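I have placed the structure first, in the form of structure tokens, so that the comments after it can refer back to it.
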Amino acid sequence: VKVLVIGGGGREHALAWKIRKSQHVNWVGCAPGNGGTDSVAENIQLDTSNPEAVVQYAVDNDIALTVIGPEAPLAAGIVDAFPRDKSHMVFGPTAAAARLESSKRWSKEVMASAGVPTAGWRGFTDADEALQYVRTRPGGSVVKASGLAAGKGVYVCDSPAEAEEAVKSIMIEGAHGSSGNEIIVEERLEGTEASLLAICDGKDFVILVPARDHKRVGEGDTGPNTGGMGAIAPNSEMTDELVQQCADTIFTPMLRMLQEDGTPYKGVLYAGIMLTQDGPKVLEFNVRFGDPETQVVLPLLNVDLIDLMLLAINERLGEFMGNIGLQSHEWQRIHKPDHCASVVLASAGYPGSYEKGKAISGLPNETDNLVVFHAGTKRVDGGVVTSGGRVLNVTGLAATQDEALQTAYTAADQIQFDGKMLRCDIGGFKG
Ligand code: AMP
Ligand code: GLY
């Protein structure tokens, strides 16, 4: 069948790469794609912000399954626009369920009614009330724009003064536009972070290999937050007991509550988790695959991704799991026993402003233990140039985490472009 991936980052390259390996698939498209997706897929020009245009393309081109990468089209209702008779299927949550990411406030309310452990919080629509509140909160707090802010709407603050600045910037100066009309102020949690992704069919779910993202731009977790500067999987902090605990205290109650509320969740649900002294707590939900987590999760996945997606869409995940006696937290049974590490090569200046159009050289050929997923790249006259903040995801696969990191860093050293920037401590790498 034909499968179309929506998006054009490293995550979508990894999705297209994995989907191309499916026994069911004979054509993959990626809209808009990038300078690397065209090695596994056909890059398609399409207005992906217009749900009707995407559905029309799927109908006209006999696309059996459309897979949505980023959150914006999901929030815009792209899944709702597809025909309900499943003649053309789509993988992802409805706009109503996607509010888990597009309204942090609603997400917190669902967590509260489901009894899911998360940081204490309050929501505000009035700037004066919010300022009043953060002034009286001793110590650290986290101020978040409730709406979508391309990963930039979260301010982790050390003091009431910093939190005041964050509130002013979001609510008064409008740093994130209307996404900041409502904010939430959270208790600041301490611990190590983990990203846990699960494929969900509305009722049942299966957890994918636990990953770890590195969000800060600078080594030693310093500087501003980015979309993610590198990732590893498995995340060794996420023991089997903890994964089971997350299944029981986070995913199971969330899916049940969403179903009871009439917004059943189908697609991939990504829980950003802080492993605190009091156990795992949710930092946020995303309604899509993580970027760069996907680049380390999919190379380890040992089952056909299309099978999993179709089971989810057709609400048959539970039946499949029952047949093989698979429990939600038993991720090892559907993954290779290997390790994967991905290092992001970014443009100097990212996550602020940066230059584009720099020629890239030294790209290695893909091997069984090395693949470079493209993010912000485009092809010009046979060569590849930079076209975004995060440019490439150099990904190593090996029997140990150290070897996977070594493979990724060795290749990362050989790739060159003007302004190349990377973190040298992904996964605790020490060179
Ligand atoms: P989010 O986009 O909500 O995942 O937030 C981005 C990053 O901010 C997270 O990965 C954490 O590093 C940090 N963060 C968010 N919420 C909290 C919190 N309540 N306590 C501490 N750090 C947080
Ligand atoms: N890596 C963080 C995210 O995908 O939101």
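Summed over the stretch 312-339, residues that are open to solvent by less than 30 Å² (accessible area, probe 1.4 Å) and in a helix (DSSP H, G or I) total 7. Is one or more of the residues making up the stretch 348-362 closer than 30 Å to TYR265 by Cα and not aromatic (Phe, Trp, Tyr)? No, the stretch 348-362 contains no residue that is closer than 30 Å to TYR265 by Cα and not aromatic (Phe, Trp, Tyr). Of the helices (runs of 4 or more DSSP H) entirely within the stretch 50-136, those holding at least 3 residues that are crowded, with 17+ Cβ neighbours inside 10 Å and not hydrophobic (A, V, I, L, M, F, W, C) occupy 95-102, 104-114. Where strands (runs of 3 or more DSSP E) sit wholly within the stretch 177-254, those with at least 1 residues that are open to solvent by 60 Å² or more (accessible area, probe 1.4 Å), farther than 22 Å from VAL287 by Cβ and in contact with a strand residue (DSSP E or B) (Cβ under 9 Å, 6 or more places away or on another chain) occupy 183-187, 216-218, 222-225. Just wondering, is there one or more residues in the stretch 10-20 that are among the aromatic types (Phe, Trp, Tyr), at pLDDT 95 or above and under 24 Å from ALA341 (Cβ atoms)? Within the stretch 10-20, one or more residues are among the aromatic types (Phe, Trp, Tyr), at pLDDT 95 or above and under 24 Å from ALA341 (Cβ atoms).
For the stretch 275-309, the candidate set comprises residues that are part of a strand (DSSP E or B), within 14 Å of ligand 2 (Cβ to nearest atom) and open to solvent by 10 Å² or more (accessible area, probe 1.4 Å); within that set, the residue that is farthest from LYS18 (Cα to Cα) is LEU283. In the condition set (1) at pLDDT 95 or above; (2) of a type in the set (A, V, I, L, M, F, W, C); (3) within 14 Å of ligand 1 (Cβ to nearest atom); (4) under 30 Å from ILE313 (Cβ atoms), ALA119 is compliant with all but (4). The sole residue among ALA161, ALA149, ALA127 that is free of Cβ contacts under 8 Å to residues at least 60 places away in the same chain and within 15 Å of ligand 1 (Cβ to nearest atom) is ALA149. Total residues in the stretch 354-391 satisfying the condition of being closer than 21 Å to GLU42 by Cβ, open to solvent by less than 60 Å² (accessible area, probe 1.4 Å) and under 23 Å from the mean Cα position of the chain (by Cα): the figure is 9. Taken together, the residues in the stretch 378-393 that are farther than 16 Å from SER353 by Cα and not aliphatic (A, V, I, L, M) amount to 6. On the given criteria, is THR276 within 16 Å of ligand 1 (Cβ to nearest atom) and within 30 Å of ASP418 (Cβ to Cβ)? No: the conditions fail for THR276. Number of residues in the stretch 147-162 that are touching a strand residue (DSSP E or B) at 6+ places or on another chain (Cβ under 6 Å) and either open to solvent by 40 Å² or more (accessible area, probe 1.4 Å) or within 16 Å of ligand 2 (Cβ to nearest atom) (or both) equals 4.
The values are calculated or read from the model by the stated rules, or taken from the named source; none is laboratory data. The shown structure was predicted, so the numbers you read here are calculated from the model rather than taken from an experiment. A quick note on method: Cβ atoms are made from the backbone with ideal geometry, for glycine too, and the neighbour counts reach across all protein chains shown. Heavy atoms of the whole protein, side chains included, go into the accessibility calculation; ligands, DNA and RNA do not. Shrake-Rupley method; radii C 1.70, N 1.55, O 1.52, S 1.80 Å.
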